[in-house]
Structures are given as structure tokens and as C-alpha cells.
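The values are calculated or read from the model by the stated rules, or taken from the named source; none is laboratory data. Since we're looking at a predicted model, the values are computed, not measured. Every residue, glycine among them, receives a Cβ derived from its backbone with ideal geometry; neighbour counts consider all protein chains shown.
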Amino acid sequence: MASATNDPAPKAPIKRVAVGRRTLLGVTALGALGVVFGSSVQNFLGKAFGSGLGGLLPGGDRFRIYSITGAYPKIADRDYRLKVSGLVERPRTFTLEDLKAMPPTSFVKAFQCVTGWRVPEVHWAGVRLSDILDSVGVKPEAVALKFESYDRADTESLTIDQAHLPDVIVAYSMLGAPVTTEHGGPVRLYVAPMFGYKSLKWLSAIRVVNAVEPGFWEENGYPVNGWLDGTTGPANPDPSLT
Amino acid sequence: MAITQANSLAVTRIRRFDRVQRAAHWANAALFGLLIFTAIPLYFGSFFSVVMPRHLMEMIHLWSGLALPIPIIVSLLGPWGRQMRRDLGRINYWTRSEIRWIKTLGKTPLEADKFNPGQKLNSIFTGTVIIIMLGTGSMLQWFRFFPVPWRLGATFVHDVFAFAIFAVVVGHIFMALAHRDSLRSMFTGWVSEKWAATNAASWLKEKQLKGDSPNSR
């Protein structure tokens, strides 16, 4: 035991290295690089190795489940109703069966949240919003749509023109299966060209109105037109793209 | 010499942490605990949302995150922070043998400083992740000011480091439970001279050279 200890320190000062500072600065720089280039690296890895790898990495390709109320409304398939009213020729309430009887549409598109997470290659299926509008007959004075949710808190808006885009759908299938409760099932909106907050969950009603009424998130400061490329609106979410 | 000391070694106490350091450690630990506790339901939302109100979790996570650097900064900056600053220097500056020790994962001989290189690395990691998590977390909270690719990058970095922190914190707790004397000193401030002789020999020698009296800092 005693032999393990040496004599008191030599006179010459021991050379010391600021490992702490170096590590701190180095790793922080790495973090900053991750912020700036992380999404390109994720894209590259996703393309090179398929989306399977992204699922293995922490943080890659996964949904963050948001709910305004802190709870998920649970709606049985047979109880589901979508009420379409307002400035329409033939107001109508759709059941899930009614929606599934309409011409289906499906595609694979990413879900991009405004706060900065993204799930690429999500399979979506449902009915084009334009088909629903055509079936009820939108009156000429109509300007916009107001969407309501079973959660009684969330609302959304789209202009009639936006609603006619081919990748704006009333979705009953997502990720290759019926839309789950936490994803807004049995029926949710999916607005592909806009940020995720426009894709209202637990869709309960569509009112056709004569002016755009900002929805819940827009009342909380998000752009009314939540285009992914940030091309419109004074409250543009993406300064780099203006 | 070694034999005559043996009797007194067991009873002589040495101050390892002063009150400020212990307060800073436990405040920091409490904040990390809150952050991890609230991160789990936020990250794995679908399992927990029914049990825990999400908004409350978000608010706790946000505020404890913003408070995270406070214990360390306050304990370092005040006139009360002398010991804290001195130990920061110990954690920062490494000798060649310490670097060798960490590179060989503890297989080379080392007369340990007040903190061994593993402990130093844990402290450095903690300081670093506070900066990174606070930075990326702020980007996610105030996302409007950042381009979308940066938001994605910040999410990625925040998540990756969250996993790393979880692993390191679990490791830290296991080490603390396995080294009870070390853990006790974080509560009481004291270690025995005997403990120091085996676990922090270089520090003990330094103290003896300086002629510090027993029970001194």
C-alpha cells in the first residue's frame, strides 16, 4: 500500500490540459452543427438506408402527439359523424360508412410540424375535401371553411381554393391503418402542403362561411396560411425563406 | 509511518463539498429529475396523456429547463463560490496521467485528484448538456425565429442528447449507490481521510503538503 504512493510532487509544475473547456466547446460546437445540418444528415441517411433506420435513431421520424385539451376524444367508428353545413345547397351529415363509400384517394406524404419535427413517408387515405364540398354544393358566396373538432377546443380554417387542392383530404386511414385515437381518429383532416397544425384532428364539423375565421392555433399566433414553404402571410414562420 | 497513522485515519474527516456546492448539486439534480420526469410523457405521449395533463408537463419542463443553469451559475459567481470555482479548475485541468487513465478506461495507475477523471467527465458532460439542451430547447420553444431545417436539427439534437443524459444520469445514480462514502459526502460534505487515501490520494497529499489542519477544507 505504502509503496504505491510516490514522494511529494516534483518541483516542476505538472503539465495540465484544459480538458474540460475543450470538451465543452467541442461538444457544444457539435450540437450547433447538429442543429444546422441535422436535418440534411437525417434526410441523407433516410434516403441512403430507407426510412427504417430513421425509426431506430432517437428523435428521427416519429410523431409527437399533441392535444390541446390534454385528453383524446374517443369516438367509436359507428358513432362518428361529420356535419357539413353553412353556405351549402344540401347540408349533410356523413357517417364513416358514407365517407368510405366515396371515391377514395391515397398518397404518401410527410407530416411536418411547425415546431420542427417531421415524419417522412406517411401513407394517407381518405376522401378529397373537394369531393365532399362538391357533394353538398358550395354556394357562390362561400369564401372559406371552418373546421371543428370533437375535442371542442381545436378549430381550423381553409379558403375554398385551398380546400380544392388535390392533397387536402378528410383522412380515415394513416400509416396504413385506420387513424388511431391519438392521431385524431377515426377521421381527421390532412392538409399536405401546410404545417401540421392545419391538419385538425377528430374532425367533427365543416361550416362553409363567407370569411376566413382564424382557428385555434392561428388565434395563438400561427400563420393562417400555414404553407410549408412559408410563401405567404405577415406572420411568416420561416425568415430564411422570405 | 503508515502503520502509526492507520488508527487516526478512520476518524479524521476532510471537507469535500461545502454547503454551496451541496446546495448547487441537489438543486441541479432536482431540476434534471423534473426535466426527465416530464420529458417521458412528452416524448411517449400516446401512453401517458390520459394520466398526465400534457400542458402541465410542458410548463414544468419549460420552466425547469429555463432554471437549469441557475444553480451552477449562482454557486460559481457569488462571494460564496470560492470552493466551487476552485473545483471547477480541478475539473477543467487534467494531468497527462488523468488523460491516459480515461483513454485506457481506468486501466493505467492513477493517484486521483479530488475527483477522478470519470467524475470530472461526468461534471463536464453535465455542464455541456445544460448549454446544449437549453439552446436547442429554446429553439423549439421560440421556433418562429429559426428556419424550418434548424428546427428539425434542434429537435434531432435535443432528442439525441436526451437519450445520452438519461443514460449518464442512470449511470451516475448507480455509481453513487455503489460508492456510499462518496454519496454521503454529497449530503454531509465530509469524507474520511481513509477514503481520501484510497480514492483521492493526490488531493490528500496536496492538503497535507499545504499543512491544512484536520477537519479543514
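In segment B:106-122, is there at least one residue being aromatic (F, W, Y), more than 10 Å from chain A (Cβ to nearest Cβ) and within 27 Å of B:V20 (Cα to Cα)? For segment B:106-122, residues aromatic (F, W, Y), more than 10 Å from chain A (Cβ to nearest Cβ) and within 27 Å of B:V20 (Cα to Cα): present. Per the listing B:A27, B:A39, the residue uniquely under 24 Å from A:R21 (Cβ atoms) and either at pLDDT 95 or above or under 21 Å from the mean Cα position of the chain (by Cα) (or both) is B:A27. B:R82 meets each of the listed conditions (1) in contact with a Pro (Cβ under 6 Å, 6 or more places away or on another chain); (2) surrounded by fewer than 17 Cβ atoms within 10 Å (Cβ to Cβ) apart from (1). Residues in segment B:128-138 that are crowded, with 20+ Cβ neighbours inside 10 Å and at the interface with another protein chain (Cβ under 7 Å from one of its Cβ atoms): B:T128, B:I132, B:T136. For A:L165, are the conditions met, namely being surrounded by fewer than 21 Cβ atoms within 10 Å (Cβ to Cβ) and more than 19 Å from the chain's Cα centre (by Cα)? Spelling it out, it is not the case that A:L165 is surrounded by fewer than 21 Cβ atoms within 10 Å (Cβ to Cβ) and more than 19 Å from the chain's Cα centre (by Cα). Among the numbered conditions (1) surrounded by fewer than 21 Cβ atoms within 10 Å (Cβ to Cβ); (2) in contact with a His (Cβ under 6 Å, 6 or more places away or on another chain), the only one that A:M174 does not meet is (1). For segment A:128-143, check the following and say yes or no: at least one residue is outside any strand (DSSP E or B) and in contact with a Phe, Trp or Tyr (Cβ under 6 Å, 6 or more places away or on another chain). Within segment A:128-143 (the criterion being outside any strand (DSSP E or B) and in contact with a Phe, Trp or Tyr (Cβ under 6 Å, 6 or more places away or on another chain)), the answer is no, since none of the residues qualifies. Contact map, segment A:27-39: first residue more than 7 Å from chain B (Cβ to nearest Cβ), second residue crowded, with 18+ Cβ neighbours inside 10 Å and at pLDDT 95 or above, Cβ cut-off under 6 Å, separation 6 or more or different chains; the map is empty.
Residues in segment A:20-39: is at least one modelled with pLDDT of 70 or more, in a helix (DSSP H, G or I) and in contact with a Pro (Cβ under 7 Å, 6 or more places away or on another chain)?
So in segment A:20-39, the residues modelled with pLDDT of 70 or more come out as A:20-39.
Pick out the ones that are also in a helix (DSSP H, G or I) and you get A:20-39.
Those still in the list that are in contact with a Pro (Cβ under 7 Å, 6 or more places away or on another chain) too: A:39.
Scanning segment A:20-39 turns up at least one residue that is modelled with pLDDT of 70 or more, in a helix (DSSP H, G or I) and in contact with a Pro (Cβ under 7 Å, 6 or more places away or on another chain).
When B:L204 is tested against the conditions (1) more than 11 Å from chain A (Cβ to nearest Cβ); (2) touching a residue at least 60 places away in the same chain (Cβ under 8 Å), the lone failure is (1).
Tell me whether segment B:107-124 contains one or more residues that are touching a residue at least 60 places away in the same chain (Cβ under 8 Å) and farther than 28 Å from B:G89 by Cβ. Looking for residues that are touching a residue at least 60 places away in the same chain (Cβ under 8 Å) and farther than 28 Å from B:G89 by Cβ, one finds none in segment B:107-124, hence no.
Out of B:R86, B:R96, report the one residue that is without any contact (Cβ under 8 Å) to a residue 12 or more places away in the chain, away from every other protein chain (no Cβ under 11 Å) and of a type outside the set (S, T, Y). Walk me through it before giving the result.
Values: B:R96 fails: away from every other protein chain (no Cβ under 11 Å).
Step by step, each of B:R86, B:R96 is checked, and only B:R86 is without any contact (Cβ under 8 Å) to a residue 12 or more places away in the chain, away from every other protein chain (no Cβ under 11 Å) and of a type outside the set (S, T, Y).
Looking across B:A154, B:A176, B:A197, B:A164, one residue alone is in a helix (DSSP H, G or I), within 11 Å of chain A (Cβ to nearest Cβ), farther than 30 Å from A:G221 by Cβ and at pLDDT 90 or above. It is B:A164. Being under 27 Å from A:R62 (Cβ atoms), in contact with a Leu (Cβ under 8 Å, 6 or more places away or on another chain) and within 14 Å of chain B (Cβ to nearest Cβ), is that true of even one residue in segment A:145-166? The answer is yes, given that some residue of segment A:145-166 is under 27 Å from A:R62 (Cβ atoms), in contact with a Leu (Cβ under 8 Å, 6 or more places away or on another chain) and within 14 Å of chain B (Cβ to nearest Cβ).
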